[in-house]
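A short worksheet on the structure shown next.
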Amino acid sequence: YYDIKKSNQNHPMTLEGCVVRLSDVVGYIGRDIEDAISLGKIKREDIPEEITSVLGTTNKEIVNTIILDIIENSIGKPYIKMSDAVFSSLFALKKFNYQHIYRLSLTKENEKKYREGMERLFYRYLDDLEKENEESPIYQIFLKEQSPLYLQKNDNKRKVIDFIAGMTDEFFIREIEK
């Protein structure tokens, strides 16, 4: 929680930094909705109409709406901008996600479960790399898609961290259960 608050105080200083920051939000906002629905935490109908009427109801629609809006409002300008309607809806969706997903998912019991699961996965994948277990998901899903430069420049710990960081909630939980 502290890291999120601290991160929100840091504002990008370049257009590239703005794109990265926006990409992060666009990448997780709708995905978290999909994960929460698949885990039975919320229903799609729970998302307020004032949000869905602007952004859409699926991750695909949300991402498409935001990206097209940013392009339309930023093209030919020395800044990156969203329309007021999309920005307001995105802000409302972030608030909705916080109230209905993030806040409720971090009980002490869940936090302990996920922390221990993360640690088990970290050491499992690290062991798979050290033993060159090419049947492991880290090879099958992640490493085979990486560039030779990435594979050469990063040690095994970094590769495992990057793999876990890119997991959806649903995949992470399935891997813990394995």
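The values are calculated or read from the model by the stated rules, or taken from the named source; none is laboratory data. Everything numeric here is computed off the predicted structure, so don't read it as measured data. Please note: Cβ atoms are built from the backbone with ideal geometry, for glycine as well, and neighbour counts cover all protein chains shown. Note: accessible area is taken over every heavy atom of the protein model, side chains too, but ligands, DNA and RNA are not part of it. Shrake-Rupley method; radii C 1.70, N 1.55, O 1.52, S 1.80 Å.
Run the 1.4 Å probe and let me know the accessible area of residue 171, rounded to the nearest 10 Å².
Estimated to the nearest 10 Å², residue 171 gives 40 Å².
Net charge near residue 176, counting Lys/Arg +1 and Asp/Glu -1 over other residues with Cβ under 15 Å of its Cβ?
-2
Mind running the shape call on segment 70-178? Use the C-alpha gyration tensor, a ≥ b ≥ c as the square roots of the eigenvalues: rounded below 1.5 for a/c, prolate if a/b tops b/c, oblate otherwise. Write out the running numbers ahead of the final one.
Working: a/c = 3.44, a/b = 1.44, b/c = 2.40.
Cα axes put segment 70-178 in the oblate bin.
What accessible area per residue comes out for the chain, rounded to a whole number of Å², with a 1.4 Å probe?
Numbers: 12240 Å² over 178 residues.
Counting only protein heavy atoms, the per-residue value for the chain is 69 Å².
Given the Cα-Cα distance of residue 23 and residue 98 and 0.36 nm per residue of separation, how much length would full extension add, in nm?
Numbers: separation 75, 0.36 × 75 = 27.00 nm, distance 1.85 nm.
Gain on extension, residue 23 to residue 98, equals 25.1 nm.
Want the number for residue 140 to residue 126: 0.36 nm per residue separation, take away the alpha-carbon distance, what's left?
Value of the extension gain: 3.6 nm.
Using R₀ = 41 Å, calculate the FRET efficiency as 1/(1 + (r/R₀)^6) where r is the Cβ-Cβ separation of residue 43 and residue 152; round to 0.05.
0.35
Given the rule -39500 (n - 2.57) for each run of at least 4 DSSP H residues, summed and divided by the residues of the chain, what is its mean residue ellipticity at 222 nm, to the nearest 500 deg cm²/dmol? Numbers along the way, then the final one.
Values: 9 runs with 117 residues, N = 178.
Only helices count here, giving -21000 deg cm²/dmol.
Looking at segment 105-152, which trypsin sites (Lys or Arg not before Pro) are DSSP coil and have at most 11 other C-beta atoms within 10 Å of their C-beta?
Those satisfying the criteria are 131.
Normalised by the number of residues in the chain, what is the relative contact order in percent for Cα pairs under 8 Å and 6+ residues apart?
On the way: 100 pairs, mean separation 36.4, N = 178.
Computed value for the chain: 20 percent relative contact order.
Ordering 128, 155 by how much accessible area each has at a 1.4 Å probe, largest first, what is the list?
My answer, sorted largest first, is 155, 128.
If you average the alpha carbon positions of segment 117-178 and of segment 14-73, how far apart do those two centres end up, in angstrom?
One Cα centre to the other: 26 Å.
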